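All remarks here apply to the structure that follows.
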Amino acid sequence: NYDVTFVLFSKISVKGNDQHPLYRYITTESPFAGEVKWNFQKYLVDRKGNIVAMFPSRVKPTEKQVVEKIEALLKEHS
């Protein structure tokens with residue numbers, strides 16, 4: 001639990017026969033294609049819907065590399 005203050009989506013399948021279409025795209029056609037390695041693997045999506053970064057589960061959402069990438073994206077579009 002990362003003590004987030006935003007709304008979380010409900011649980012979905014990211015692997016297997018019941019894989020959600022979003023994760024089917026992410027794991028097969030995105031720039032970060034490949035199997036989801038573990039819970040809380042994170043993907044950063046820009047305002048145009050492009051997947052621009054992937055962070056493994058060991059990287060916390062509050063870590064410098066994540067925050068800097070988000071801040072850079074926000075500056076690009078302001």
**Prompt:** Only one residue in PHE40, PHE55 is at positive phi and not small (Gly, Ala, Ser). Which one?
**Reply:** PHE40
**Prompt:** Could you say whether any residue in the range 1-20 is touching a Pro at 6+ places or on another chain (Cβ under 6 Å) and either exposed (fewer than 13 other Cβ atoms within 10 Å of the Cβ) or among the hydrophobic types (A, V, I, L, M, F, W, C) (or both)?
**Reply:** yes
**Asked** Residues in the range 26-69 that are surrounded by 13 or more Cβ atoms within 10 Å (Cβ to Cβ) and part of a helix (DSSP H, G or I): how many?
**Response** 4
**Request:** Select from the range 2-52 the residues that are within 24 Å of LEU74 (Cα to Cα) and aromatic (Phe, Trp, Tyr) and list them in ascending order.
**Result:** TYR2, PHE6, PHE9, PHE32, PHE40, TYR43
**Request:** Under 6 Å between Cβ atoms, at least 6 apart or on separate chains: pull out the pairs that start in the range 32-46 with a residue that is without any contact (Cβ under 8 Å) to a residue 24 or more places away in the chain and end on any residue that is of a type in the set (A, V, I, L, M) and assigned to a loop (DSSP other than H, G, I, E, B).
**Result:** VAL36/VAL14
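A short reminder: the numbers here are calculations on the coordinates, not readings from a lab. Keep in mind the model is a prediction, meaning the values are calculated, not measured. Counting neighbours? That spans all protein chains shown, and the Cβs are built from the backbone with ideal geometry, glycine included.
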